[in-house]
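Novice: Okay, handing you the structure first.
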Amino acid sequence: MALLKRSTPVTSEDGRMTLMEHLRELRNRLIKAILAVVAGTVLGFIYFEPIWNFLKQPYCRLPQAHQFNKDQCILVVNGVFDSFFVNLKVAVMFGLVVSAVFWIYQLWAFVTPGLYQNERRYTVAFLGLSVPLFTAGAALAYVTMDKGLALLLGFAPDGTLTLVSINEYLGFALAMLLIFGVSFLLPLLLVFLNVIGVVRYRMVAKHTRMVVFLMFVFAAVATPSQDPISMLALALPMVALFFVAEGFMYFHDKRRDAADAAHARAIEEELDGPSATADSASVDARD
């Protein structure tokens, strides 16, 4: 418990923290985040069976011709330690997901003192949007996973049966869920860069076709199964989200340019005000 002491940093009179205080604050935040993940991992071990049954459903939805046992959904265990490491992987992933709110808050609490008020507001909004977007991507991967598996297993020659090990399937399933979830966040990242002024709409609009093409290339390379169904399932929603982000950037830049122009006119009028008044007074004096 001594490591968690002084969780509230002591700042100087001007509100700044020293390097050692920053490191101490980072240590405390990391310890709290790790403890939350560990607690979630313990829950993952306790409730492994229902979690595994949920992850296994895409494989169980495959046609019976691809199943080892026609009556049961069975995956193969190749090694002595495979079962333990599968339990560990599933528990750790469950712990990361369940404790995500807490460890994201710890990250936010460490970073937020260095942000301006508007940056804090934008960051909170984007964090709130990132959760449903990631969930939507992972849900899409879960729904379409069996289609990609069925296509790949269908290339097996007649009279053969592909034995899918539990470790291989888990790696494939987790990769699909993570890749789809993170890919759905890329358009949100583009919007964030636009809001903070790094990327403008005009620059993105010039390369729209190239961006769409690169999204399809990314989907073809990133999907673990490398099948066209998974590629299209990932690429098409990414393109749709990209066009939504592009529309937001257009209206945001238009409003920002109008505000900047109005601000520039106000400054110009303020600077020209005294001279214009003096000129008017001199004209009246000559009259």
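The values are calculated or read from the model by the stated rules, or taken from the named source; none is laboratory data. Note that the structure is a prediction, hence the values are computed from the model and not measured. Don't worry about glycine lacking a Cβ; one is built from the backbone with ideal geometry, like all the others, and counts go over all protein chains shown. Note: areas computed on protein heavy atoms with side chains; ligands, DNA, RNA excluded. Shrake-Rupley method; radii C 1.70, N 1.55, O 1.52, S 1.80 Å.
Novice: How much solvent-accessible surface does residue 73 expose, in Å² to the nearest 10, with a 1.4 Å probe and all protein chains in place?
Specialist: The accessible area comes out at roughly 40 Å².
Novice: I've got another one for you. Taking the chain as the reference, fit the longest principal axis to its C-alpha atoms, fit the long axis of helix 19-46 to the helix C-alpha atoms, and give the angle between the two in degrees, 0 to 90, nearest 10.
Specialist: Once rounded, the angle reads 30 degrees.
Novice: Taking the 0 to 90 degree range and rounding to the nearest ten, how far is the long axis of helix 100-111 tilted relative to the main principal axis of the chain, both from C-alpha atoms?
Specialist: 30
Novice: If contacts are Cα pairs under 8 angstrom and at least 6 residues apart, what is the relative contact order of the chain in percent?
Specialist: Dividing the mean separation by the residue count of the chain yields 18 percent.
Novice: Show me, for the range 139-150, the HN-Hα J-couplings you get by feeding each phi into the Karplus relation (A = 6.51, B = -1.76, C = 1.60, θ = phi - 60°), rounded to Hz, glycine and proline as x.
Specialist: Running phi through 6.51 cos²θ - 1.76 cosθ + 1.60 with θ = phi - 60° gives 5, 5, 4, 5, 6, 9, 4, 5, 5, x, 4, 5 Hz.
Novice: Taking the Cβ of residue 154 as the center, what net charge do the other residues with Cβ under 13 Å away carry, scoring Lys and Arg +1 and Asp and Glu -1? Please list the in-between numbers first.
Specialist: Numbers: positive: 147; negative: 146, 158, 227.
Charge balance in the 13 Å sphere: -2.
Novice: Here's a follow-up. Would you mind computing, in nm to one decimal, how far apart the modelled labels at residue 46 and residue 30 are, each placed 7 Å from Cα along Cα→Cβ?
Specialist: So the label points at residue 46 and residue 30 sit 2.9 nm apart.
Novice: Quick check: Cα centre of the range 208-222 to Cα centre of the range 253-271, how many Å?
Specialist: 38
Novice: OK, next. Residues of the range 190-212 with amide nitrogen under 18 Å from the 7 Å Cα-to-Cβ point of residue 252?
Specialist: 190-208
Novice: Quick one: which residues, 5 or more positions from residue 199 or on another chain, have an amide H under 5 Å from its amide H? H modelled 1.01 Å from N in the peptide plane, none for Pro or chain starts.
Specialist: Here the answer is 194, since their amide H atoms fall under 5 Å of that of residue 199.
Novice: Let me ask something else. Grab the other residues whose beta carbon is less than 15 angstrom from that of residue 242, score K and R as +1, D and E as -1, and report the net.
Specialist: Values: positive: 206, 209; negative: 246.
Combined, the nearby Lys, Arg, Asp and Glu give +1.
Novice: Here's something else I'd like to know. By how many degrees, 0 to 90 and rounded to 10, does the Cα axis of helix 208-222 deviate from the longest principal axis of the chain?
Specialist: 30
Novice: List the residues, sorted by chain then number, that are 5 or more residues from residue 165 or on another chain and whose placed amide H is less than 5 Å from its amide H.
Specialist: 76
Novice: Right, something else. Do you know the relative contact order of the range 201-271, to the nearest whole percent, from alpha carbon pairs under 8 angstrom that are 6+ apart? If you can, show how the numbers build up before the last one.
Specialist: Details: 23 pairs, mean separation 22.8, N = 71.
Once divided by the residue count of the range 201-271, the mean separation gives 32 percent.
Novice: Compute the Cα gyration tensor for the chain, then decide on rounded, prolate or oblate, letting a ≥ b ≥ c be the square roots of its eigenvalues: rounded whenever a/c is under 1.5, prolate when a/b is larger than b/c in the other cases, and oblate in all that remain.
Specialist: Working: a/c = 4.66, a/b = 1.73, b/c = 2.69.
Since a/c reaches 1.5 but b/c is at least a/b, the shape of the chain is classed as oblate.
Novice: Using the Cα centre of the chain as the reference point, and only Cβ charges (+1 on K/R, -1 on D/E), how large is the resulting charge dipole? Debye, rounded to the nearest 20.
Specialist: Values: 23 positive and 23 negative charges, 180 e Å.
Taking the Cα centre of the chain as origin, the dipole is about 860 debye.
Novice: Let me ask something additional. Percent relative contact order of the range 33-157, based on C-alpha pairs within less than 8 angstrom and at least six residues apart? Provide the component values of the computation, followed by the final result.
Specialist: Values: 73 pairs, mean separation 54.3, N = 125.
The normalised contact order for the range 33-157 reaches 43 percent.
Novice: Next question, about the same structure. Need the full-extension length gain, residue 232 to residue 105, defined as separation in residues times 0.36 nm minus the C-alpha distance. One decimal, nm. Intermediate values should be presented prior to the final figure.
Specialist: Numbers: separation 127, 0.36 × 127 = 45.72 nm, distance 3.43 nm.
Once the chain is fully extended between residue 232 and residue 105, it gains 42.3 nm.
Novice: What does the net charge come to around residue 106 if you take all other residues with beta carbon closer than 9 Å to its beta carbon, with K and R at +1 and D and E at -1?
Specialist: Details: positive: 29, 32; negative: none.
My count for the surroundings of residue 106 gives +2.
Novice: Moving on to the next point. Positive end of the charge dipole of the range 52-197 (Lys, Arg +1 and Asp, Glu -1 on Cβ, about the Cα centre): tell me which of 130, 87, 179 has its Cα farthest that way.
Specialist: 130
Novice: With a point put 7 Å past each Cα toward its Cβ, work out how far residue 272 is from residue 202 in nm, to one decimal.
Specialist: 2.3
Novice: Using a Förster distance of 35 Å, how high is the FRET efficiency between residue 210 and residue 174, based on the Cβ-Cβ distance and rounded to 0.05?
Specialist: Values: r = 31 Å, r/R0 = 0.88.
After rounding to 0.05, the efficiency reads 0.70.
Novice: Something else now. Can you compute the FRET efficiency between residue 243 and residue 162 using 1/(1 + (r/R0)^6), with r the Cβ-Cβ distance and R0 = 45 Å? Round to the nearest 0.05. Mind dumping the intermediate values first?
Specialist: Values: r = 39 Å, r/R0 = 0.86.
It comes to 0.70.
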